[in-house]
Amino acid sequence: MSVLVQREAAGIREEWLGATLSTSPTDRQAAEAAVTGLYHLIGLAPPRFHWVSSPATALTTVPPGTRPKPSESMDRVSEWTVPSRLRASRAALGLELDAGIHRALNWVIRPQVFDSLTRSTRNTLGTALRAAHDSKTARSDAWYTALGVAWIAHYDFVRRAAGVVFTPEQNRRLDLWAAAGRSCGWWWPREDVCVISERPAVMRTEVSGDDGEVRLHCADGPAVRYADGWELYAWHGTRVPSWVITDPAVWRIEREANVEVRRCAIERIGWESYIERAGLRLVASAPDPGNPGSSLHLYDVREDTRVLLAVNGSVERDGRRRRYGLTVPGFFDDPVAAAGWTYGLSAEQYSTLVRRT
């Protein structure tokens, strides 16, 4: 891919990422017009529109005058009649568009636009959506994938920057999906009514990949908040309870059963500060043979458990090397042996490493 095309891909990717993560007021008129057009494509009359303030509200709201069927539970939206037909319409459009695109071009540009936006959506709005569903994976993923802008941005790049010409009808159908993606949040369509969520009021992220990917992160408040007060806290992409950000006290960390949540809370405090506050006993220290110039420190945490404090071998985006802790079995007295164990190596094998990453 030429430098010029790469720049165009990055520009279009950023444009669509901005639309996806927008906290601007929803364009209800544009959203309803686009959804109405998509209903028309599958032979349905325009639905009533029921607007809600957040996905969490959408998942617990039954629109007035609606009696959902038992099969229309919100965690099975991909199996509803209208979403299934819309997904089929979307898939047919994709096959038509792919037929006019050289396969090599598709694969060359896919990482730059489609893959990057897929990861960003999954790690931002997708994280919030899973939290609203109160599950790590929702059975309705297929529908939410169809609503994601990654595939739309892919074809938008192809027609705008790669010189591929679609027919007016193909453009019209793609533009309907694009208009919906640009103007509102998630939506849940039934034959007679369509529930649409407003956009978030707050969306805070950090860069997490080489192709412009982002993930949720906020060190001083919610990473996502909707107008109705529903909010989500995240630390470098990991969903955490609010206390991790607002009050990461040592006693809370000691009571937390989830290892990842504990790790995030300790990082929020800072490992050195946590060790001091928690009064952890230093077992031993040693130079890190896998990271020259840095040291390994082994501390007692609780019965049968110790923590190895090390410095990352790779430089972070801010130019610093992150200090982090790894839980190791309590029988380790040698920090080098403990470091080797985290890599599946013996102390002798770990000592021969030039530099770990």
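The values are calculated or read from the model by the stated rules, or taken from the named source; none is laboratory data. From a predicted model like this one, the values you see are computed outputs, not experimental measurements. We place every Cβ from the backbone using ideal geometry, glycine too, and count neighbours over all the protein chains shown. Side chains included, ligands, DNA and RNA excluded: accessible areas come from the protein's heavy atoms. Shrake-Rupley method; radii C 1.70, N 1.55, O 1.52, S 1.80 Å.
So here's what we get for this one:
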{"read-out": "Scaled radius of gyration (Cα, divided by 2.2 N^0.38 Å) that region 47-184 gives", "value": "1.16"}
{"read-out": "Neighbour count of at most 16 Cβ within 10 Å plus DSSP loop: longest GluC sites (Glu not before Pro)-free window in the chain", "value": "1-190"}
{"read-out": "Cut-off 12 Å between beta-carbons: net charge of the residues surrounding Tyr155, Lys and Arg +1, Asp and Glu -1", "value": "+1"}
{"read-out": "Region 1-102, relative contact order [Cα under 8 Å, separation at least 6], %", "value": "18"}
{"read-out": "Relative contact order computed over the chain (Cα-Cα under 8 Å; 6+ residues apart), in percent", "value": "16"}
{"read-out": "The chain: most fluctuating residue of Arg28, Arg255, Arg87 per GNM, C-alpha cutoff 10 Å", "value": "Arg255"}
{"read-out": "Candidates Ser116, Ser89, Ser295: whichever shows maximal mean-square fluctuation once the chain is modelled as a Gaussian network with Cα springs under 10 Å", "value": "Ser295"}
{"read-out": "5 angstrom amide H check on Arg323, placed H, neighbours 5+ away", "value": "Asn312"}
{"read-out": "Charged-residue dipole, Cβ positions (Lys, Arg, Asp, Glu), the chain about Cα centre, Debye nearest 20", "value": "520"}
{"read-out": "Answer label, with percent of Cα pairs over 24 Å apart calculated from the coordinates and candidates [x] 59; [y] 69; [z] 64", "value": "[z]"}
{"read-out": "Lys/Arg +1, Asp/Glu -1 at C-beta; the chain dipole; positive extreme among Ser116, Trp186, Trp243", "value": "Trp186"}
{"read-out": "Portion, in percent, of the accessible area of the chain that falls on carbon or sulfur, probe 1.4 Å", "value": "51"}
